[in-house]
Amino acid sequence: MRFLLKSVHLVDPAAGRNGTFDLLVENSRIARIGRDLPAGDAAVVDLPSSFVVTPGLIDIHVHLREPGQEHKETVATGTASAVAGGFTAVACMPNTDPINDNVAVTELIVKRAAEAALARVYPIGAVSLGSKGAQLTEIGDLCKAGCVAITDDGRPVQTALLMRRALEYASMFKIPVIDHCEDPSLKGDGVMHEGPAASMLGLRGIPGVAESVMVERDISMAELTGGHFHVAHMSARQSLRAVRDGKQRGVHVTAEVAPHHFLLTDEAIVERGGYDTNFKMNPPLRSSDDRDAMLDGLRDGSIDVIATDHAPHHADEKALEFDRAPFGIVGLETCVSLCFDRLVHAGHISIVRLIELLAANPARVMNLPGGTLTEGGPADITILAPDAPVTVRASAFKSKGRNTPFDGWTLKGAVAATIVGGRAVYVNEGVLGRKTLTNP
Amino acid sequence: MAIVMDADRMARSITRIAHEIVERNRGAENLALIGVRARGVPIAARLAADIKAIANVDVPTGALDITLYRDDLMLHAVGPQPVIRRTEIGFSIDDRLILLVDDVLYTGRTTRAALDAIIDFGRPRAIQLVVLIDRGHRELPIKADYVGRNIPTSRQQSVQVRLQEIDGRDEVEVEG
Amino acid sequence: MTTVATSLRTRHLLGIEDLTAPEIDLVLQTASAMKEVGTRPIKKVPTLRGRTIINLFFEPSTRTRMSFELAEKRLSADTLGMTTSGSSVVKGETLADTARTIEAMSPDMIVIRHASSGAPHQLARISRASIINAGDGMHEHPTQGLLDAFTMLERKGRLAGLKVAIVGDLLHSRVFRSNALLLTKMGAEVRACGPATLMPFGMARLGIHTTSSIDEAVAGADVVMMLRVQHERMQGLFLPSMREYFNLFGLTVARLKHAAPDVIVMHPGPMNRGVEIDSEVADGPWSVILDQVANGVAVRMAVLYLLAGGEGGEP
């Protein structure tokens, strides 16, 4: 099967491309990238000139919930959600049940992903058995089975010593150690950001330093060991400051931020009639200073990646009282539109920078294939419609999870199609005609 | 719109009623006046003054807010809850003859509510009803014992009693 | 001088934060009329006859529950109480399911006390009844704020310009939040006093002066309100001991001498004698603590009456 994307606006920062190109796709690979390519027997695909074609987007922080929590999400529904959100690949977190601390669970995830045949799935293994912080997992085995990084996400890496050992050991396999940075004693039983909003709502708070204190610890460990430390879901301005300093000193530290942390603040919880658990996640929505700091970090390059921390929960679980409901919101199907509307159209960053954050850098940080389009490489392509109007409708999500704070938002910027290995696994028929991209 | 009672006429009516009260009850012993808020209260005060002048007796006087006893409170037609004012009955009503005073007698429902309220305060010997204006259209079997003036009205009309103490002038006006 | 409202806009009383100053005036004025009912030989009016009110208490409470029940009975309503220990909540039923079960019995009003801030708001989303917050987590206890204000108004004749010191574990106190919001809305000057570890955020933006010196808070105060300090605070590393707390923050007769000469002392109860307040003060002439209890019934009657109207307002 061959098709030719003709005269499309290609944005591929890793390859230094930002202009009009032709892309010839043959079976599952990119045959040629160039200009005025002969179509031959390839189906010619004409896209509106406003559309943008990019390397397949990659979300490196996603909870697929399988095995063990299939009522919240499965690999099948999670990857369907991913491709609907424009992502050709996701890296999934190990806090399943049982935890992905052994090869059997890793292989299960890989198998389910192959069965679903939608987005590529790169499992992330646990740092310690059961994520209990007592004993390292068999990281070598996990990597052989397909894990691309390790983390105890859901929980922090328990001690400085464990972080040190994990970094040293992981460096043998050239994988990063991702940490959900949070000092448990400072977090206590907090449920939202500590500040005037929590005070007025009568909810226990989590100060920003609960996160930054551990970011600083981990940067010291990375400096000591030379290993690669990646900050998961960064939210606090003090964390950003530490990451900037670390990078300046030459420490191998990278950081990701989720859209809600550069768009919303703790005041949002007060505004919506109060106590809406769709605004409850960990780390929590913080102050406007923290949100502004995240925007700064996206602009100046201190932040490497945008990752959603897609965390679906069943509606019954989120329907509990605010302090009893689980933390987490979904993000795969809102990320692209939010980023276009509130980052690119709002003038904070260019579209080139956006694709760096969503494709090139995720691949670089996690050493994943993709993130750029090369001749002979897999045809993982995302087609975007930067000007298409979108109204977020949680009830129409492909994910099982409906827990989003963005329901009803009107945004500009949509996913037109998602192509994995040359197959159009998602086509947005509202934006792209039905016949434009069909699989044989 | 018509003024059916002016200040002069009102004063004479109230004085006349005071005389009737003293006469019918053979003196002013063991009486008490209770005015129904809002405009029954100044009328009761004036009656007390007139009875004092006639019989040289100080008749205890109280004020009753019947809002909590109304039968139409929880119906949609009323809308938001009416504002309540304090009830002040600083004397025992047991074994007294209570003169219940109101400005206008219309359907009789206010009087029924007032009777319910008074019974909760004790056991009077008897209750007599004093009204300045009786405009007809009773919906309950209630009759006034003392009436300032009978004014037949239609349901569409409204009767406004204005008193110096509340409205700055004494008059009764029929509108519509 | 604020004007008095003629009705409440909301169907619920979830917090003082939802009331305007004129609406607060309306509640206090209505409470005054209701208080008189409690002085009659027959302490009952037929106003809420036929109305069903359910008291949902997920947290133990004797005085607030009794106060609400008495208020409801005095208004002739049919009342039903549910406390956690005797209900299916113990078996693990969620608030939402408990709410739906009760909703199926068509209550007109629900009074709820719950350990989670925001529980009344969740209930208001599920139920068609009018919801009254009898205390939710650390958030608000609006009827307590109202009865405290009523007590102050009775004794002092005004709220605007009053100097009110509130002392204790302010961080965890819903009584503090409700009082602070109400008093600042009505123009009183609030002095928030407590250990630095137990001081809530955002006081400056409410215009409230904070201090960890009880002498500073009490100096010239017209009202001193003492709040309960719980023993658990020692476990959370908030306080070293109750003994030190009393030394630094306990209200003694000596400390009270620096207040205004006609100062009144308040406490929402139950008191920890010898921890936040000396017995001599609690039982002394300055104390209006028992008045607060009596006023609680009148204020709650006023709230029930005003919310029970036919139309009400927007939900």
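Matching residues to (1) at pLDDT 95 or above; (2) within 11 Å of chain B (Cβ to nearest Cβ):
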residue	(1), (2)
C:Thr2	no, no
C:Ala5	no, yes
C:Arg9	no, yes
C:Ile16	yes, no
C:Leu19	yes, no
C:Thr39	no, yes
C:Lys43	no, yes
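Given the conditions (1) within 14 Å of chain C (Cβ to nearest Cβ); (2) in contact (Cβ under 8 Å) with a residue 24 or more places away in the chain, and given that A:Glu271 satisfies all but one, which numbered condition is not satisfied?
(2)
Check C:Ala134, C:Ala115, C:Ala149 and return the single one that is among the small types (Gly, Ala, Ser) and farther than 19 Å from C:Leu8 by Cα.
When all the criteria are applied, what remains is C:Ala115.
Sort through B:Ala38, B:Ala44, B:Ala2 and tell me the only one that's surrounded by fewer than 17 Cβ atoms within 10 Å (Cβ to Cβ) and within 13 Å of the chain's Cα centre (by Cα).
Numbers: B:Ala44 fails: surrounded by fewer than 17 Cβ atoms within 10 Å (Cβ to Cβ); B:Ala2 fails: within 13 Å of the chain's Cα centre (by Cα).
Only one candidate qualifies: B:Ala38.
Restricting to helices (runs of 4 or more DSSP H) lying wholly in the stretch A:106-199: which have 3 or more residues that are touching a Leu at 6+ places or on another chain (Cβ under 9 Å)?
Details: elements: A:139-145, A:160-171, A:184-187.
Output list reads A:160-171.
Spot the failing condition for C:Ala33; the list is (1) touching a strand residue (DSSP E or B) at 6+ places or on another chain (Cβ under 8 Å); (2) surrounded by 17 or more Cβ atoms within 10 Å (Cβ to Cβ); (3) within 12 Å of another protein chain (Cβ to nearest Cβ); (4) not polar (S, T, N, Q), and only one is missed.
Just one mismatch for C:Ala33, condition (1).
Conditions (1) modelled with pLDDT of 95 or more; (2) of a type outside the set (A, V, I, L, M, F, W, C), marked per residue:
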{"site": "C:Ala134", "(1), (2)": "yes, no"}
{"site": "C:His139", "(1), (2)": "yes, yes"}
{"site": "C:Leu147", "(1), (2)": "yes, no"}
{"site": "C:Met186", "(1), (2)": "yes, no"}
{"site": "C:Ala204", "(1), (2)": "no, no"}
{"site": "C:Gly207", "(1), (2)": "no, yes"}
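Using the structure shown, decide if C:Thr84 is away from chain A (no Cβ under 12 Å), among the β-branched types (Val, Ile, Thr), surrounded by fewer than 16 Cβ atoms within 10 Å (Cβ to Cβ) and without any contact (Cβ under 8 Å) to a residue 40 or more places away in the chain.
Values: away from chain A (no Cβ under 12 Å): yes; among the β-branched types (Val, Ile, Thr): yes; surrounded by fewer than 16 Cβ atoms within 10 Å (Cβ to Cβ): no; without any contact (Cβ under 8 Å) to a residue 40 or more places away in the chain: yes.
Against the criterion (away from chain A (no Cβ under 12 Å), among the β-branched types (Val, Ile, Thr), surrounded by fewer than 16 Cβ atoms within 10 Å (Cβ to Cβ) and without any contact (Cβ under 8 Å) to a residue 40 or more places away in the chain), C:Thr84 does not qualify.
Checking the condition acidic (Asp, Glu), more than 14 Å from every other protein chain (Cβ to nearest Cβ) and under 29 Å from A:Arg155 (Cβ atoms), which residue from A:Glu333, A:Glu375, A:Glu317, A:Glu321 passes? Show your work before the answer.
Numbers: A:Glu375 fails: under 29 Å from A:Arg155 (Cβ atoms); A:Glu317 fails: more than 14 Å from every other protein chain (Cβ to nearest Cβ); A:Glu321 fails: more than 14 Å from every other protein chain (Cβ to nearest Cβ).
It is A:Glu333.
Among the helices (runs of 4 or more DSSP H) confined wholly to the stretch C:209-315, which include 2 or more residues that are within 14 Å of another protein chain (Cβ to nearest Cβ)? Quick ask: steps written out before the conclusion?
Numbers: elements: C:214-218, C:232-235, C:242-249, C:253-256, C:279-282, C:289-307.
Helices (runs of 4 or more DSSP H) meeting the threshold: C:232-235, C:289-307.
Take the residues in the stretch C:170-197 that are in a loop (DSSP other than H, G, I, E, B) and aliphatic (A, V, I, L, M), then tell me which one is nearest to C:Ile24 (Cα to Cα).
C:Met186
Just the residues that are of a type outside the set (D, E, K, R) and more than 14 Å from chain C (Cβ to nearest Cβ), please, taken from the stretch A:285-303. Reasoning before the result, please.
So the first thing to find is which residues in the stretch A:285-303 are of a type outside the set (D, E, K, R), and the list is A:285, A:287-288, A:293-295, A:297-298, A:301-303.
Selection gives A:Leu285, A:Ala293, A:Met294, A:Leu295, A:Gly297, A:Leu298, A:Gly301, A:Ser302, A:Ile303.
Taking the conditions exactly as written (buried (at least 23 other Cβ atoms within 10 Å of the Cβ), over 27 Å from A:Phe21 (Cβ atoms) and out of contact with any Ser or Thr (no Cβ under 7 Å at 6 or more places or on another chain)), does A:Thr334 satisfy them or not?
Details: buried (at least 23 other Cβ atoms within 10 Å of the Cβ): yes; over 27 Å from A:Phe21 (Cβ atoms): yes; out of contact with any Ser or Thr (no Cβ under 7 Å at 6 or more places or on another chain): no.
Answer is no for this residue.
Test B:Arg96 against the stated conditions and say whether it is in contact (Cβ under 8 Å) with a residue 60 or more places away in the chain, buried (at least 16 other Cβ atoms within 10 Å of the Cβ) and over 27 Å from B:Glu173 (Cα atoms). Break it down into steps so the answer makes sense when it comes.
Numbers: in contact (Cβ under 8 Å) with a residue 60 or more places away in the chain: yes; buried (at least 16 other Cβ atoms within 10 Å of the Cβ): yes; over 27 Å from B:Glu173 (Cα atoms): yes.
Against the criterion (in contact (Cβ under 8 Å) with a residue 60 or more places away in the chain, buried (at least 16 other Cβ atoms within 10 Å of the Cβ) and over 27 Å from B:Glu173 (Cα atoms)), B:Arg96 qualifies.
List the pairs whose first member sits in the stretch A:189-211 and is at the interface with another protein chain (Cβ under 10 Å from one of its Cβ atoms), whose second member is of a type in the set (Val, Ile, Thr) and assigned to a loop (DSSP other than H, G, I, E, B), and whose Cβ atoms are under 7 Å apart, counting only residues at least 6 apart or on separate chains?
Partner pairs satisfying both residue conditions: A:Leu203/A:Val191; A:Arg204/A:Val191.
Against the condition farther than 30 Å from C:Leu123 by Cα, surrounded by fewer than 16 Cβ atoms within 10 Å (Cβ to Cβ) and over 22 Å from the mean Cα position of the chain (by Cα), how does C:Gly207 come out, does it pass? Even if it seems obvious, please write down each step before you answer.
Values: farther than 30 Å from C:Leu123 by Cα: yes; surrounded by fewer than 16 Cβ atoms within 10 Å (Cβ to Cβ): yes; over 22 Å from the mean Cα position of the chain (by Cα): no.
When the stated conditions are applied, C:Gly207 does not pass them.
May I ask you to say which residue of B:Asp116, B:Asp120 is of a type in the set (Asp, Glu), in contact (Cβ under 8 Å) with a residue 40 or more places away in the chain and either part of a strand (DSSP E or B) or out of contact with any strand residue (DSSP E or B) (no Cβ under 6 Å at 6 or more places or on another chain) (or both)?
Values: B:Asp120 fails: in contact (Cβ under 8 Å) with a residue 40 or more places away in the chain.
Step by step, each of B:Asp116, B:Asp120 is checked, and only B:Asp116 is of a type in the set (Asp, Glu), in contact (Cβ under 8 Å) with a residue 40 or more places away in the chain and either part of a strand (DSSP E or B) or out of contact with any strand residue (DSSP E or B) (no Cβ under 6 Å at 6 or more places or on another chain) (or both).
Does any residue of the stretch A:83-100 turn out to be in contact with a helix residue (DSSP H, G or I) (Cβ under 8 Å, 6 or more places away or on another chain), closer than 20 Å to A:Leu368 by Cβ and surrounded by fewer than 24 Cβ atoms within 10 Å (Cβ to Cβ)?
no
Say we look at the stretch A:389-413 and pick out the residues that are closer than 19 Å to A:Leu118 by Cα and within 19 Å of the chain's Cα centre (by Cα); which of these is surrounded by the fewest Cβ atoms within 10 Å (Cβ to Cβ)?
Restricting attention to the stretch A:389-413, the residues satisfying the condition of being closer than 19 Å to A:Leu118 by Cα are A:396-401.
Those left that are additionally within 19 Å of the chain's Cα centre (by Cα): A:397-401.
Details: A:Phe397: 23, A:Lys398: 18, A:Ser399: 23, A:Lys400: 21, A:Gly401: 28.
Across the stretch A:389-413, the extreme among qualifying residues is A:Lys398.
Take the residues in the stretch A:11-49 that are modelled with pLDDT under 95 and within 19 Å of A:Val415 (Cα to Cα), then tell me which one is surrounded by the fewest Cβ atoms within 10 Å (Cβ to Cβ).
Among residues in the stretch A:11-49 that are modelled with pLDDT under 95 and within 19 Å of A:Val415 (Cα to Cα), the one surrounded by the fewest Cβ atoms within 10 Å (Cβ to Cβ) is A:Ser49.
In the stretch A:232-243, which residue that is buried (at least 24 other Cβ atoms within 10 Å of the Cβ) and touching a helix residue (DSSP H, G or I) at 6+ places or on another chain (Cβ under 6 Å) is nearest to the other protein chains (Cβ to nearest Cβ)?
The selected residue is A:Ala236.
Can you find a residue in the stretch B:56-72 that is in a helix (DSSP H, G or I), within 14 Å of another protein chain (Cβ to nearest Cβ), within 21 Å of C:Arg40 (Cα to Cα) and free of Cβ contacts under 8 Å to residues at least 40 places away in the same chain?
Step one: list which residues in the stretch B:56-72 are in a helix (DSSP H, G or I), which gives B:67-69.
Filter again for within 14 Å of another protein chain (Cβ to nearest Cβ), leaving B:67-69.
Next cut, within 21 Å of C:Arg40 (Cα to Cα) only: B:67-69.
Right, trim to free of Cβ contacts under 8 Å to residues at least 40 places away in the same chain and you get B:67.
Yes, that holds for at least one residue.
Of A:Leu384, A:Leu332, A:Leu357, which residue is touching a His at 6+ places or on another chain (Cβ under 6 Å) and either outside any loop (DSSP other than H, G, I, E, B) or touching a residue at least 60 places away in the same chain (Cβ under 8 Å) (or both)?
Only one candidate qualifies: A:Leu332.
I'd like the residue in the stretch C:45-55 that is of a type outside the set (Ser, Thr, Tyr) and within 12 Å of chain B (Cβ to nearest Cβ) and, out of all such residues, is farthest from C:Ala71 (Cα to Cα). Write out each step before concluding.
Taking the stretch C:45-55 as the starting set, the residues that turn out to be of a type outside the set (Ser, Thr, Tyr) are C:45-46, C:48-51, C:53-55.
Subsequent filtering for residues that are within 12 Å of chain B (Cβ to nearest Cβ) retains C:45-46, C:48-51.
On the way: C:Val45: 11, C:Pro46: 12, C:Leu48: 11, C:Arg49: 13, C:Gly50: 15, C:Arg51: 13 Å.
Across the stretch C:45-55, the extreme among qualifying residues is C:Gly50.
State all residues of the stretch B:128-157 that are surrounded by 14 or more Cβ atoms within 10 Å (Cβ to Cβ) and more than 17 Å from the chain's Cα centre (by Cα); if no residue qualifies, say none.
Scanning the stretch B:128-157 gives B:Thr153, B:Gln157.
How many of the residues making up the stretch C:213-229 are surrounded by 17 or more Cβ atoms within 10 Å (Cβ to Cβ) and farther than 23 Å from C:Glu154 by Cα? I'd like the intermediate steps shown before the answer.
Of the stretch C:213-229, the ones surrounded by 17 or more Cβ atoms within 10 Å (Cβ to Cβ) are C:214, C:217-218, C:221-229.
Then drop every residue that is not farther than 23 Å from C:Glu154 by Cα, which leaves C:214, C:228-229.
Residues meeting the conditions: 3.
The values are calculated or read from the model by the stated rules, or taken from the named source; none is laboratory data. Note that the structure is predicted; figures quoted are calculated from it, not measured. Reconstructed Cβ throughout: ideal geometry from the backbone, glycine too, with neighbour counts over all protein chains shown.
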